[in-house]
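Working notes for the structure below.
The values are calculated or read from the model by the stated rules, or taken from the named source; none is laboratory data. Since the model is a prediction, treat every value here as computed from it, not as a measurement. So basically every Cβ, Gly included, is an ideal-geometry build from the backbone, and we count neighbours across all protein chains shown.
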């Protein structure tokens, strides 16, 4: 029994010092992530693993969108699903949707209406996923409205624009000419 | 062959008769009511909550496999969640749909109905939940003001946020302060650092005492008290009573006080005259109060010098 105060007096500071070390290590870890985010915001092409902290992945998505490398951003956004918190996932889908829609709008401005279609459909899918995660996301509702006025939904398209329905990716690129193979 | 068919036919007949008897009476047929949270003002992305209340005959059970599965219901409608609550003969289906219809004008859309399977007395019976309508509303004007760049119609992107390190540094700081505070009882317990027992500073205390005494003005009683104060300090420093004759022995044991030997001799002489010679006035000539203070200060300085 006489050892009890000694254990208490010694154990408490030891535990607290361990806790200080743990939180300090964690804070330094977060600070390193923040440096990566700062770098990406400064347009430095820092590689980010899909398993990195969600905030860093989101910053990388933002960077790729700024660089108009949307096909690289798409898998990162999908990698966030299932592990990041809904806020970050919503923002990722929303930003990516905006990027697809801006590309579609650019093509429409250039008069390439047909080429714009798939991008608008992609944008609408992403808005819909953002709204599935956050039904009260008014920005996403508004932009989905903008996108939907470009291409209306029709019951015939039911299976291609549903939340789980995927557009056949191969069909998106049918307009790109293939390698000439020579005629018969 | 005929012998084998006969029992089967008999069994079928019995089963059919049984089924006929199990038909529920007309007044016990299930009753369906759909209660919606509201039926107007749905924008795209809004959740539509509805309760389907089934009043079933006693003993009827719900065939859960017949319920709609969460997922897309129509091109503009998702079923997000369905929960079943049963109270006695009332079965309530809580449905949550999500509307993705982008309306150009306020219009009514039909929510699809669905059949629900019930098992009443061993017989399966389907009950139709009727379709109902909701009013969807547009989010924007039909013809928004014309923009130079169509991208200006969009709501802006959301910038990626930073991680909150400040909070963790605050937590770290708080824990560090707590750890330091928790070290105090340990240091006290183990007599570390500031809690190591200090050797008593008898003369330092005596000097402070003398200063207070001097501030009250010099009187004879004050002088005698000052002598006593120094005596007590000497006793404390030696750990025993020190009289005039004990002084050499004391200086032997505590050589740090040797430089004050002359002062100490004068002190003992004055003390002897004051207390034993009953001549305090004379004593005050031998060693005035000021000199007494000087002696106290030199002894205190010597005391601080020891290891």
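Below are the figures for this structure:
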item	result
Checking residue A:66 against (1) surrounded by 17 or more Cβ atoms within 10 Å (Cβ to Cβ); (2) modelled with pLDDT of 90 or more; (3) more than 8 Å from chain B (Cβ to nearest Cβ), the condition it does not meet	(1)
Within the stretch B:212-302, helices (runs of 4 or more DSSP H) holding 1 or more residues that are under 58 Å from the mean Cα position of the chain (by Cα)	B:220-238
Flag for residue B:75 being within 14 Å of another protein chain (Cβ to nearest Cβ), over 14 Å from residue B:132 (Cβ atoms), surrounded by 13 or more Cβ atoms within 10 Å (Cβ to Cβ) and at pLDDT below 90	yes
Residue match in the stretch A:152-166 (condition: modelled with pLDDT under 90, over 27 Å from residue B:48 (Cβ atoms) and either away from chain B (no Cβ under 11 Å) or exposed (fewer than 13 other Cβ atoms within 10 Å of the Cβ) (or both))	no
Some residue of the stretch B:37-48 being away from every other protein chain (no Cβ under 14 Å), in contact with a strand residue (DSSP E or B) (Cβ under 6 Å, 6 or more places away or on another chain) and either surrounded by fewer than 17 Cβ atoms within 10 Å (Cβ to Cβ) or modelled with pLDDT of 85 or more (or both)	yes
Residue within the stretch B:78-94 that is surrounded by 15 or more Cβ atoms within 10 Å (Cβ to Cβ), without any contact (Cβ under 8 Å) to a residue 24 or more places away in the chain, closer than 30 Å to residue A:87 by Cα and within 8 Å of another protein chain (Cβ to nearest Cβ) present	yes
Yes/no for residue B:213 being at negative phi, crowded, with 16+ Cβ neighbours inside 10 Å and touching a residue at least 60 places away in the same chain (Cβ under 8 Å)	no
Residue match in the stretch A:118-134 (condition: part of a loop (DSSP other than H, G, I, E, B) and at the interface with chain B (Cβ under 10 Å from one of its Cβ atoms))	yes
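Table: residues versus (1) at pLDDT below 90; (2) in contact with a helix residue (DSSP H, G or I) (Cβ under 7 Å, 6 or more places away or on another chain); (3) over 26 Å from residue B:47 (Cβ atoms).
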position	(1), (2), (3)
B:83	no, no, no
B:105	yes, no, no
B:114	no, no, no
B:118	yes, no, yes
B:124	yes, no, yes
B:130	no, no, no
B:165	yes, yes, yes
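To keep it simple, each residue is scored yes or no on (1) under 16 Å from residue A:144 (Cβ atoms); (2) crowded, with 20+ Cβ neighbours inside 10 Å; (3) touching a helix residue (DSSP H, G or I) at 6+ places or on another chain (Cβ under 7 Å); (4) within 12 Å of another protein chain (Cβ to nearest Cβ).
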{"position": "A:57", "(1), (2), (3), (4)": "no, yes, yes, yes"}
{"position": "A:78", "(1), (2), (3), (4)": "no, no, no, no"}
{"position": "A:81", "(1), (2), (3), (4)": "no, no, yes, no"}
{"position": "A:99", "(1), (2), (3), (4)": "yes, yes, yes, yes"}
{"position": "A:104", "(1), (2), (3), (4)": "yes, yes, yes, yes"}
{"position": "A:114", "(1), (2), (3), (4)": "no, no, no, no"}
